[in-house]
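A short worksheet on the structure shown next.
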Amino acid sequence: MDPLEEFDHLLIFNCGNHQFKLICPAKSANYMGWLESLASLIVYAMTERVTAIKCLNIPLRSKVCRVSNFSYATQKSFLAIGLMLNSSISFTPIIRGPRCGTDAGKQFRDLWGDKSEIRHIDGDLFECVIWDSSKDVTSQIIDYVLLRKFKLSDQTDLGLWHQVSSTRLSDLLRSFSPSYASLRFPSRASTLHLIRSLDQLDSVLRSFNKHLPLNIMGVQAISAEFRGTSVFAPIVTVRGTAQSKLKPLMKSSWHDIHHTLRPLYATINIETSSKWPRDDYRAFFHMKRLFLLRIKELLVHIGVPSRIVPSGMLDIFINGIVLRIGFCQPLELSLLRRNCDLNQRRSLKTSSQINQNDSIKEPETIRRWLAFNEWLPAVASQLMAISRSHLHTYPEACRLVKRWLSAHGYPVIQCPDLCTEPYGLDSQLVHLGDADLGASQCRLSEIAVELLVVHAGGFTPAVQTLSYSAGLPDATRENFVSSSPLATFLRFLRLLCVFDWTNDILLVDLNDGFVGKEGQEKASAAVTTFKVTPRDKLPAMVVATPIDLSGTHWTLQGPSVEGLKRLRTLAMQSHELLRAMLVAGAEFSDLKAVFRPDLSQMDVLIKLRPSVSKTRILEAIDLEVPSWALKKTSSVDEKLKADPKGTVLTKESDPVTLDLPHPGASYWPTGYLCDPVTWILRQIQAKIDKWDLFEYMWDRHSGRWIGLCVKDAPECARLRELKPFTESNLCMAGGFARHRESPTGSMSLTVDIQSALGALHLWAVEMVEWVRIQRPWSFKLPGVEVQGPAAAVFSSVTTGRKNSFKNSDNEKKERKVRNYSPVLKIRRRKGSRKDHSEAEK
């Protein structure tokens, strides 16, 4: 395995530095012996924080993702020491030594020098070392030990060594603001705050049981925010004291919204009953809404705001966040199937007895219900347990992967998303979410990403059977579990680009579901089903778990086969670039290149205005401060604006844990479900999606650009072909038909896609700054443009102007009114009304 993926922390020496002899007097043949002496000193200093250590030689480029025409034998290598850390204590900022006044305490003080101090712990005095908790603790310990051994004051200017820590990319997940900007950081909720809010809601709902027809048994979290795997924590909304001065929610504009709020999903478990309507699903659905309406009435009396949503769920604002809750009953699925004309084929099967590999294709209505009410709660609880067991590694690794995908224009499909909620029998299209935008190409679902991270990080044992051994190489090693988010991120990139997704299924074990005799039988059954099913009937990626043996629940939406090829190429390039920069000791600003998209590869680039991107301005990889956010500073600070590298950056504070009072039933937070970026995406989809030519790319955490890429070049060429002048072809052009003369001399028409793309700026001028067609030859029109009689038109116009100058002034005004647009007529009417009112006065 590659050292950067195997070890949690690396100490790399720059042997090419001319001052390297200051710390290493040994010859090159004895470098390993010198490293061994340093390794023993590091182990002695870090005590139980290190579980394994190894001296090694790291090449600049990896052999994992091979690059053609490159000689790996002649490449540069670096001396390094790799450490595997104990994640349970490696982040603790205190080293507790022996008791004060003992011989062991004296040795401890000799090792740490002035850094050692006496602390009162558990009723006794101990020698302790305290480190800065805001920085990587392991890096601080190693730097101090080496500086003290080599008697150096500071190695920053010397550049003798550098460290690759597990938190090397953590700043990508935090917001920063320069000193010359007036941007304010929002208060973000910690995972503890979300759990307490869910517990508070659970206690509130349970207190209503004596007023409800059915008892509420509990509340289960579903959204990724509760697992800590969302890229940015949700924003906590605190009601201000001067609410009367604010604009009403219905009258406020999207220009006044600075932060977009979306609901966090949870499901409530209620006791079963035989009194539900058993013959009509619509009656059943209305009874569910009545149950939620009763909860809403009870929430009003304690001052908790709530709203019923069309999908039959309830939004509750509690402790500064909005929770969207719903519930299901086993009878509901039977009623849905009966209405979808599938009940006859499955009359004797319940939802738990249905084979997951059933050849009967589920309708979209039933699939949504199963995903939201059965599949998602089951897998979310398993991932929640993994997140709690690997608190410092798994959540941050998931956040890095999701940030990388979104930065390159492929944001993950959130599970659940606003447009994937089950709507019962109503199949209306919801325009709030973004799960259906470009999902069939390169986008991965949120659950699929987290399952891949589980396997890449070794957070569950690798699955092996007599007929199956696929997965990452060395995944069956005993110490394969990663304690570094950075190493797990590199493993994810390698898994994405080297795994044979065409011929293999990836098995991810959850809760030891593939362990033991029954578990092995499940795994073998999943592999067998994958092999006997035609490959074109399965999605491009098949990721199976003990609760999803088909492996298609979370990969059916995407990516496609072509999209997976693009993702694999992107993963290979990012893996090679990131690894090389980490080994060479690149600065953090240079590491951001891995998360910067190549906008030149897009066929059409749309730049959004700062008024749109301000809702997520602090989440961007590279912060661009708009003019309205600049402070009024002196001329000295103006130089800092011209050279931002010299500015001081303010880091966002840690997420908060609060206990907020209920704001009152009439209150509702501003910015709720107000997302200008999603709105403009929907507008673009409404204008040009009838041709089904483009896939949409955007960064969910930047909001500065939208990219359009042609999905099918032959289809685009067919659309631009010359067609007969018929009514059907005119309707297909959708107002962008262009008359062209064919080579035979007959007049035909074609679709002017380039004009339609250019009109996107006019359709949303308040949101779109400009539209750039970067590959105009892809939309070039065939044939010859039809030329009109321009000279005759010009002569008639000039003749009319000459005649108008000969008439009186009143006749001039009348003719001007007739020749100009109706807008001028309206203005003239307004002017006449004004004159009439003045005359009356």
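Every number here is computed from the coordinates shown, using simple stated rules; none is lab data. Everything numeric here is computed off the predicted structure, so don't read it as measured data. No Cβ is skipped: glycine too gets one built from the backbone with ideal geometry, and neighbour counts run over all protein chains shown.
Work out the charge dipole of the range 614-772 with +1 on the Cβ of Lys and Arg and -1 on the Cβ of Asp and Glu about the Cα centre, then indicate which of A756, V710, V656 is farthest towards its positive end.
A756
In whole Å, largest first, what are the principal axis extents of the Cα atoms in the range 260-303?
Its Cα atoms span 40, 26, 19 Å along the three principal axes.
Under a plain spin-label model, where a point goes 7 Å from the Cα along Cα-to-Cβ, how far apart in nm are S40 and A717?
Placing both labels 7 Å beyond Cα along the Cβ direction yields 7.1 nm.
Rounded, prolate or oblate, given the Cα gyration tensor of the range 567-717, with a/c below 1.5 counting as rounded? It would help to have the intermediate numbers written out before the result.
Details: a/c = 1.70, a/b = 1.12, b/c = 1.51.
Taking the square roots of the gyration eigenvalues as a ≥ b ≥ c, the range 567-717 is oblate.
Greater than 26 Å separation of Cα atoms is the criterion. Which listed pairs, K54/K151; K21/K149; K135/K632, meet it? It would help to have the intermediate numbers written out before the result.
Values: K54/K151 24 Å; K21/K149 14 Å; K135/K632 32 Å.
Over 26 Å Cα-Cα: K135/K632.
Suppose the chain between R206 and K76 were pulled fully straight at 0.36 nm per residue; how much longer would it get relative to their current alpha carbon spacing?
Stretched out fully, the R206 to K76 stretch lengthens by 40.3 nm.
Stretched out fully, how many nm does the piece from V300 to R772 gain, at 0.36 nm a residue minus the Cα gap? Spell out each step's value before the answer.
Working: separation 472, 0.36 × 472 = 169.92 nm, distance 5.10 nm.
Full extension of this stretch gives 164.8 nm more.
How big is the dipole moment of the range 676-785 about its Cα centre under a simple scheme where the beta carbon of each Lys and Arg is +1, that of each Asp and Glu is -1, and everything else is neutral? Debye, nearest 20, please. Working shown, then result.
On the way: 14 positive and 13 negative charges, 29 e Å.
With only Lys, Arg, Asp and Glu charged at Cβ, the dipole is about 140 debye.
Once you place label points 7 Å from the Cα toward the Cβ at V532 and L60, how far apart are they in nm?
5.4 nm
Show me 597-606, 501-510 ranked by packing, highest mean number of other Cβ atoms within 10 Å first.
Working: 597-606: 17.7, 501-510: 20.0.
Per-residue Cβ counts within 10 Å, averaged per peptide and sorted highest first, yield 501-510, 597-606.
Sort 567-574, 551-558 for me by packing, meaning the mean count of neighbouring Cβ atoms within 10 Å per residue, highest on top. Could you put the intermediate results ahead of the total?
Details: 567-574: 18.9, 551-558: 23.6.
Result, highest mean first: 551-558, 567-574.
Under Stokes-Einstein, with the Kirkwood radius over Cα pairs standing in for Rh, what whole-number D in µm²/s applies to the range 676-785 at 20 °C and 1.002 mPa s? Provide the component values of the computation, followed by the final result.
Working: Rh = 15.0 Å.
Diffusion coefficient, whole number: 142 µm²/s.
With a Förster radius of 35 Å, plug the Cβ-Cβ distance of K21 and D114 into 1/(1 + (r/R0)^6) and report the FRET value to the nearest 0.05. Mind showing how you got there, number by number?
Details: r = 28 Å, r/R0 = 0.80.
Efficiency, from the Cβ-Cβ distance: 0.80.
Calculate, in whole percent, how much of the Cα-Cα pair population of the range 99-142 lies beyond 15 Å. Don't jump to the answer; show the numbers that get you there.
On the way: 446 of 946 pairs.
Beyond 15 Å sits 47 percent of the P(r) for the range 99-142.
Modelling each spin label as a point 7 Å along the Cα-to-Cβ direction, I'd like the K565/I121 distance in nm, to one decimal.
5.8 nm
Could you list V463, V677, V481 in order of exposure, starting from the residue whose Cβ has the fewest other Cβ atoms within 10 Å? Could you put the intermediate results ahead of the total?
On the way: V463 28, V677 23, V481 16.
Ascending number of Cβ neighbours within 10 Å: V481, V677, V463.
Work out how much length R184 to L730 would gain on full extension: take 0.36 nm times their residue separation and subtract the Cα-Cα distance, in nm to one decimal. Walk me through the numbers on the way to the answer.
Numbers: separation 546, 0.36 × 546 = 196.56 nm, distance 5.13 nm.
Full extension from R184 to L730 adds 191.4 nm.
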